[in-house]
Amino acid sequence: MSGSTAISRRAFLKTGAVLGGGLIIGVHLPLGAALGVQPPEETFAPNAFLRIGSDNSITVIVNKSEMGQGVYTALPMIVAEELEVDPAVIRVEAAPVAPAYNHALWGMQVTGGSTSVRTEWERLAQAGAAARQMLTAAAAGTWQVKPAECRAENGQVIHLPTGRRLSYGRLADAASRLQPPKSVTLKGPKEQKVIGRGVKRLDTPAKVNGTAPFGLDVAVPGMLTAVVARPPVFGARAKRIREDLAEKVPGVKRILPIDAGVGVVAESLPAALKGREALEIEWDEGPLAGLDSARQRETYAEMAKKPGAVAASRGNADAALEKAAKRIDAVYTLPYLAHAPMEPLNCVASVRPDGCDIWVGTQMQTGDRDAAAKITGLPKEKISLRTMFLGGGFGRRAVPDSHFVREAVQLSKGIGKPVKVVWTREDDIHGGWYRPSSYNVLAAGLDRAGMPLAWTHRIVCQSIITGTPFEGGMLKNGIDETSVEGAADSPYEVPNFRCDYHMAPAGVPVLWWRSVGHSFTAFVKESFIDELAHAAGHDPYRYRRALLAKHPRVAGVLDLAAEKAGWGKPLPAGRGRGIAVHESFGSFIAQVAEVSVNGEGEIRVHRVVCAVDCGRFVNPEIIASQMESGVAFGLSAALHGAITFANGRVQQSNFYDYPIIRMREMPEVETHIARNGEKPGGIGEPGVPPIAPAVANALFALTGARLRTLPLTPERVREAMGKG
Amino acid sequence: MISFTVNGKRQQVNVPPDTPLLWVIREQIGLTGTKFGCGKSLCGACTVHLDGRAIRSCVTPVSAVAGKSITTIEGIPEDHPVKQAWIAEDVPQCGWCQPGQIMAATALLAENPKPDDAAIDDAMSGILCRCGTYRRIRKAIHRAAGMKGKGGTP
């Protein structure tokens with residue numbers, strides 16, 4: 001990150017124009033403390049990401065959505081480091097939708113793929129450094145001294161020979177008259193004071209006192225509240241609507257059919273819900289009326305009998321399987337999963353003839369803005385989208401078809417008033433956009449020493465990417481990258497290898513679910529390698545280790561986790577230990593889980609040791625909390641999570657039948673971070689993939705029962721233990 | 001008209017008596033710190049105090065609180081040991097469930113000033129957190145319990 005980097009002056013001017021041109025007016029200030037604060041008149045805004053006021057206020061404009069992963073802290077820290085300010089004084093503001101705020105690689109404003117720190121580091125560091133150089137030059141100009149005699153420190157510029165000081169606020173006006181530097185010098189790792197420190201999250205106070213504004217908390221004058229009667233089966237269409245009873249419900253204002261179903265617009269949410277209950281709709285249920293999970297599994301099994309599109313291949317896997325000393329076959333199945341963020345989906349839209357305002361917790365601002373422009377017929381610049389805090393995202397708020405924004409815009413347009421659309425929890429659990437279910441057929445051949453000669457993995461899974469704007473880059477030769485990631489690129493050294501793929505029929509809406517394809521491929525790969533180790537009579541940690549000679553970072557975290565967990569040391573009676581390692585989103589994570597199981601077959605996870613190699617990192621405390629979070633999220637799926645279908649209908653509806661783990665189920669999570677100078681990796685998602693296999697492998701170590709289907713329900717555990 | 005107090009302030013609302021207290025607090029009174037998560041008393045995001053006791057406002061009809069006293073997250077003083085401990089442990093991630101967690105924790109500590117892990121798990125396992133902040137919550141409750149002993153105001 002150190003060294004000089006040329007900065008395009010045009011880029012500066014362009015972003016400056018964005019700020020000056022009024023697009024930023026009315027941008028919501030998401031942190032409670034900053035609510036209602038207007039930028040002071042004299043403001044130094046050297047680029048799109050930073051504003052320094054004559055009142056010494058320092059505002060960092062963040063182009064990523066804060067959904068718990070810590071971007072409103074980690075990204076300002078990068079600016080603070082180069083700007084020479086205490087990160088605690090920074091105010092954070094959500095970026096408006098503008099090209100300056102596009103994802104550095106993806107050409108649109110989006111938060112996802114655990115990319116925020118990785119892709120923003122360079123330009124935010126430059127933004128901070130350029131501002132520091134300009135402030136220093138402004139001070140030198142004021143004092144009529146050489147800039148080299150001045151140093152920026154803690155929000156001030158100091159003239160070293162005389163000890164004179166000027167605050168950034170005092171310098172803001174003078175600095176704003178200077179040209180941005182042609183190149184900036186970034187700090188080297190040894191000069192860094194903020195990066196690498198466990199700085200407290202900037203959004204904590206507002207989230208503790210209840211003032212942090214989320215999408216659902218937005219209220220604008222004249223706003224009505226709506227729910228949508230959504231189809232009972234995916235793809236169903238309302239054939240006949242009887243609205244008279246619903247219209248009679250006190251507080252109900254309008255019944256309005258839209259793309260998503262039938263909108264019930266009312267004065268309050270309770271009235272809207274009563275209105276929806278009173279609505280009678282006859283549905284044309286469409287082709288998925290008979291959808292059934294057991295039958296889908298049979299279909300997938302049938303598809304898996306034939307070769308699929310080859311995602312990766314080396315050697316001759318079929319021949320090697322035939323001549324192997326020992327052959328092992330297994331089928332792994334994983335269900336659909338709902339994201340179930342704690343804040344149900346919602347969106348406020350206010351469509352007027354001359355413009356449209358949207359307040360929403362979204363991960364995909366540009367697409368949502370464009371969708372609103374299309375519905376309203378307004379030019380894009382007349383759509384103002386304010387990103388609110390997201391009460392959890394996990395991918396659910398990154399929807400390429402913008403459905404939860406479109407329905408609010410359609411209803412507001414239809415009724416001519418601001419409308420807030422609220423999803424109930426049942427709407428959320430029934431509502432689709434799940435992690436796809438998958439059917440995985442594995443085979444391995446071992447040599448006489450028990451080491452793998454051949455490994456084949458056939459995946460049957462719906463495609464997430466098909467039909468999205470990402471199709472061009474991520475769908476090749478009939479293979480959806482997100483369906484085979486983590487499987488086709490397994491690090492284990494096996495001379496004969498093949499991973500192939502069948503795209504399962506579309507229908508159920510599917511989406512990226514925190515860690516995407518890795519959420520299932522890690523379970524399959526890390527369970528199956530464990531099976532091979534046990535079949536060969538080897539220690540599962542050392543067996544993996546022997547196959548990772550060419551992957552030192554994978555091996556490194558495996559060693560670190562094993563060492564910190566006390567691998568091989570005796571455990572208390574009734575406890576088992578399992579290990580798993582997986583690379584995803586540019587980071588390497590190994591986890592060792594300690595589990596016990598009771599007479600009912602309920603698994604209890606006591607302790608999880610995480611070893612993380614995410615290269616150079618910004619905030620170790622955020623890494624630790626994201627590991628805790630990844631473990632919790634992955635454990636909910638491993639132990640409880642499944643969306644299933646019967647008669648075309650989702651069989652789960654709320655947290656009683658789609659449980660997520662509770663406090664008493666939360667293990668102790670210990671995080672150990674490898675320190676190196678490698679390229680930064682992601683941290684929001686990579687903690688999820690290893691936990692399910694680590695737990696399943698621990699269960700095997702403890703009981704001899706190998707579970708190849710998630711979730712690891714007590715019924716399945718009892719059955720497997722009875723057999724095993 | 002149904003009247004009750006919220007955070008010490010008298011409120012009168014004109015809504016159907018079966019309206020859930022949660023939506024009266026959020027939509028009529030305009031206090032949005034109390035959150036909606038499930039609507040069925042399954043997640044605890046809507047937890048408030050009714051005469052000092054933790055209740056789920058999403059399933060409490062407003063008629064049931066007539067003449068009574070409600071406290072929401074906005075009514076817990078900023079210097080309350082629980083809020084201070086939450087900040088010290090940097091508990092929140094997405095933050096949506098945290099008001100409910102804090103309301104459950106303040107009610108727990110009012111009843112049991114020195115809860116052990118098991119007592120904390122019992123009192124808090126009704127409040128879901130999708131981000132997995134549970135262990136930090138537990139630490140924060142222990143910290144707040146310690147602070148109270150040193151002159152904090154519960």
Would you mind telling me the antiparallel percentage of the DSSP bridges in the protein assembly as shown, rounded to 5?
75 percent
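Please give me the summed charge of the neighbours of A:ASN676: other residues whose Cβ is under 13 Å from its Cβ, Lys and Arg +1, Asp and Glu -1.
+2
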Taking a straight Cα-to-Cα line shorter than 19 Å from A:LYS207, and setting aside same-chain aspartates and glutamates fewer than 8 residues away, one finds A:GLU66, A:GLU93, A:ASP217, A:GLU343, A:GLU621, A:GLU628, B:GLU74, B:GLU78, B:ASP79, B:GLU89, B:ASP90
Neighbour-count order for B:ASP18, A:ASP368, fewest beta carbons within 10 angstrom listed first
B:ASP18, A:ASP368
Please name which of A:LEU186, A:GLY198, A:SER176 has its Cα lying farthest along the dipole of segment A:160-235 towards the positive end, using unit charges on Cβ (Lys, Arg +1; Asp, Glu -1) and the Cα centre as origin.
A:LEU186
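What value, in deg cm²/dmol to 500, does the helix sum -39500 (n - 2.57) over DSSP H runs of n ≥ 4 give at 222 nm once divided by the residues of the protein assembly as shown?
Rounded to the nearest 500, the figure is -9000 deg cm²/dmol.
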Going by how many other beta carbons lie within 10 Å of each one, how would you line up A:SER437, A:SER515, B:SER63, B:SER125, fewest first?
B:SER63, B:SER125, A:SER437, A:SER515
Between the modelled labels at A:THR142 and A:GLU563 (7 Å from Cα along Cα→Cβ) the distance in nm is 5.0 nm
In Hz, Karplus ³J(HN,Hα) per residue of segment A:118-125 (6.51, -1.76, 1.60; θ = phi - 60°; x = Gly, Pro)
4, 8, 9, 3, 4, 6, 6, 4
Selection from A:ASN676, A:ILE465, A:GLY517 lying farthest towards where the dipole of chain A points positive, charges on Cβ:
A:ASN676
Compute, for segment B:81-149, the length of the dipole vector about the Cα centre, with Cβ point charges of +1 (Lys, Arg) and -1 (Asp, Glu) only. Units Debye, rounded to 20.
220 debye
Count, for each residue of A:330-342, the Cβ atoms from other chains sitting within 10 Å of its Cβ, then give me the mean as a whole number.
2
So if I place +1 on the C-beta of Lys and Arg and -1 on the C-beta of Asp and Glu, and nothing else carries charge, what would the dipole magnitude of the protein assembly as shown be about its Cα centre? I want it in debye, nearest 20.
960 debye
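For peptide A:198-207, compute the average count of partner chain beta-carbon atoms within 10 Å of each residue's beta-carbon.
Working: counts 1, 1, 4, 6, 0, 5, 10, 5, 2, 13.
Mean partner shielding for this stretch: 5.
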Residues in segment B:103-117 that a label on B:VAL59 would reach, taking backbone N under 20 Å of a point 7 Å out along Cα→Cβ:
B:103-105, B:107-108
FRET efficiency (B:ASP122, A:ASP86; Cβ distance; R0 51 Å; to 0.05) is 0.80
Could you pull out every residue, at least 5 positions away or on a different chain, whose amide H is within less than 5 Å of the one on A:GLY263? Hs are placed 1.01 Å off N in the peptide plane, and Pro or chain starts have none.
A:ALA229, A:LEU256, A:ILE258
Can you give the average number of partner chain beta-carbon atoms within 10 Å of each beta-carbon in peptide A:662-670, as a whole number?
6
Chain B - Rg and Dmax from Cα coordinates, angstrom
15.0, 46
A correct Stokes-Einstein calculation for chain A, using the alpha-carbon Kirkwood radius, 10 °C and 1.306 mPa s, returns a whole-number D in µm² s⁻¹ of 58 µm²/s
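Quick one: putting +1 on the C-beta of Lys and Arg, -1 on the C-beta of Asp and Glu, what dipole do you get for segment B:10-154 around its Cα centre, in Debye to the nearest 20? Working shown, then result.
Values: 17 positive and 13 negative charges, 26 e Å.
Computed charge dipole of segment B:10-154: roughly 120 debye.
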Counting other beta carbons within 10 Å of each residue's own, what order do A:LYS413, A:LYS146 fall into, fewest first?
A:LYS146, A:LYS413
Reach of A:LYS182 by Cα under 21 Å, taken over lysines that are not fewer than 8 positions away in the same chain:
A:LYS14, A:LYS146
Could you pull out every one of the lysines with an alpha carbon less than 29 Å from that of A:LYS306, ignoring same-chain neighbours closer than 8 positions?
A:LYS323, A:LYS326, A:LYS476, A:LYS525
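Every read-out reported here was derived from the displayed coordinates using simple, explicitly stated rules and does not represent laboratory data. Worth saying up front: this structure is predicted, and the values here are computed from it rather than measured. Heads up, the Cβs are rebuilt from the backbone with ideal geometry, glycines too, and the neighbour counts pull from every protein chain shown.
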